[in-house]
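Below is one structure, written out as structure tokens; comments come after it.
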Amino acid sequence: MSAAFARTQRGLLELTFDAPGGRTRLARDRQQGPLKVVRPFETDDGGLLLYVINPTAGVLGGDRFELRLELGPGARVVLLSQSAQKVHRMHPGEHAVQRLEARLAAGSRLELYPERVIPFAASSFAQDSRFLLEPGAQLGLLESFASGRVAHGEHWSFERLAGRTEVRLGDRLIYLDRFDLRPSGHGLGHLGLMEDGRYWASGLFVGEGAPAPPPLSLPWGRTASGHLWLRGLERSGLALEAAMRHSVDQLRGAFFGLGPLTVRR
């Protein structure tokens, strides 16, 4: 067994929320290192804002992270990450996986805006996210990825970066987004692919009867069932972050009737 494999982690985070009296609380949590959450902050609408923390250097070959979320009726949760997800160099044949499953009861709302995933050279990482919503639940999701440690010259130098996001509303599949990038020999920077983009974002907002949003900084469209998807591709990471912040703030107002997201640390 290699030294790198011996340091791998099996992180587990299970969070259950309810809303007695209309105020959201963290009713149950199970934390298995390195994943953990710190003290929740209460939001103006009676919800909770939490940060998912990985106090280690990042993701290593062989790591397996699992997050399970359950929101009861009326629970309102904003889930953020403390810092970017750094996926470190791995030995040949090694890879890391993160899985998330969230179950949202009618009348609940989950907003998930994690920091960027940064795959280092020779790394292999896949994430799989599944959201199961009862009718009347709301979801705001926006995540972003880098093509590598761009400032260090690691552009499309990772071995593999894959993602799958599935959203079901009742018994209907309303959104499925998949990518599987393996840069070696494929020329992802060519015309019609990523071109000159170094950073990209994607997401979905689910809410019943939401009006057309005000102007957004990210390209958007509607799914067949009327929910709103977002896409973005930029050469500059700072430009993409600014576009994401503006779009989230606008959509929180249009879909959820909320003001701009106030981040507390």
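Here are the numbers for this structure:
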| read-out | value |
| --- | --- |
| Residue list for the stretch 10-39, restricted to those being assigned to a loop (DSSP other than H, G, I, E, B) and open to solvent by 40 Å² or more (accessible area, probe 1.4 Å) | Arg23, Gly33, Val38, Arg39 |
| Phe125 vs. criteria free of Cβ contacts under 8 Å to residues at least 60 places away in the same chain, aromatic (Phe, Trp, Tyr) and out of contact with any Cys (no Cβ under 8 Å at 6 or more places or on another chain) | no |
| Given (1) over 27 Å from Ala162 (Cα atoms); (2) in contact (Cβ under 8 Å) with a residue 40 or more places away in the chain; (3) open to solvent by 40 Å² or more (accessible area, probe 1.4 Å), index of the condition Leu60 fails | (1) |
| Restricting the stretch 202-220 to residues that are under 19 Å from the mean Cα position of the chain (by Cα) and either farther than 24 Å from Ala84 by Cα or at pLDDT below 90 (or both), the residue that is most open to solvent (accessible area, probe 1.4 Å) | Trp220 |
| Residue in the stretch 176-201 that is modelled with the highest pLDDT, counting only those that are open to solvent by less than 20 Å² (accessible area, probe 1.4 Å) and either in contact with a Leu (Cβ under 6 Å, 6 or more places away or on another chain) or in a strand (DSSP E or B) (or both) | Ala201 |
| Set Glu111, Glu166, Glu134, Glu143: member being open to solvent by 50 Å² or more (accessible area, probe 1.4 Å) and either polar (S, T, N, Q) or modelled with pLDDT of 95 or more (or both) | Glu134 |
| Test for Arg160: is it in contact (Cβ under 8 Å) with a residue 60 or more places away in the chain and either closer than 19 Å to Tyr51 by Cα or among the small types (Gly, Ala, Ser) (or both) | no |
| Qualifying positions in the stretch 66-89 - modelled with pLDDT of 95 or more, among the hydrophobic types (A, V, I, L, M, F, W, C) and either over 16 Å from Arg164 (Cβ atoms) or open to solvent by 20 Å² or more (accessible area, probe 1.4 Å) (or both) | Leu69, Leu71, Ala75, Val77, Val78, Leu79, Leu80, Val87 |
| The stretch 96-112 residues that are in a strand (DSSP E or B), paired with ones that are buried (at least 18 other Cβ atoms within 10 Å of the Cβ) and basic (Lys, Arg) (beta carbon under 9 Å, 6 or more apart) | Arg109/Arg76; Leu110/Arg76; Glu111/Arg76; Glu111/Arg252 |
| Residues located in the stretch 253-265, provided they are surrounded by fewer than 20 Cβ atoms within 10 Å (Cβ to Cβ) and either closer than 29 Å to Leu132 by Cβ or without any contact (Cβ under 8 Å) to a residue 12 or more places away in the chain (or both) | Gly253, Ala254, Phe256, Gly257, Gly259, Pro260, Leu261, Thr262, Val263, Arg264 |
| Condition check for Phe131: within 24 Å of Asp63 (Cα to Cα) and touching a Pro at 6+ places or on another chain (Cβ under 8 Å) | no |
| Positions within the stretch 229-252 being free of Cβ contacts under 8 Å to residues at least 24 places away in the same chain and either over 24 Å from Leu193 (Cα atoms) or part of a loop (DSSP other than H, G, I, E, B) (or both), in sequence order | Arg245, Asp249 |
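Condition check ((1) under 22 Å from Phe145 (Cα atoms); (2) in contact with a Cys (Cβ under 8 Å, 6 or more places away or on another chain); (3) of a type in the set (A, V, I, L, M)) across all residues:
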residue	(1), (2), (3)
Tyr51	yes, no, no
Pro73	no, no, no
Ala84	yes, no, yes
Val97	yes, no, yes
Arg103	no, no, no
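The values are calculated or read from the model by the stated rules, or taken from the named source; none is laboratory data. In this text, all values refer to a predicted model and were calculated from it rather than measured experimentally. Cβ coordinates were reconstructed from backbone atoms using ideal geometry, including for glycine residues, and neighbour counts include every protein chain displayed. Side chains are part of the model used for accessible areas, which takes the heavy atoms of the whole protein and leaves out ligands, DNA and RNA. Shrake-Rupley method; radii C 1.70, N 1.55, O 1.52, S 1.80 Å.
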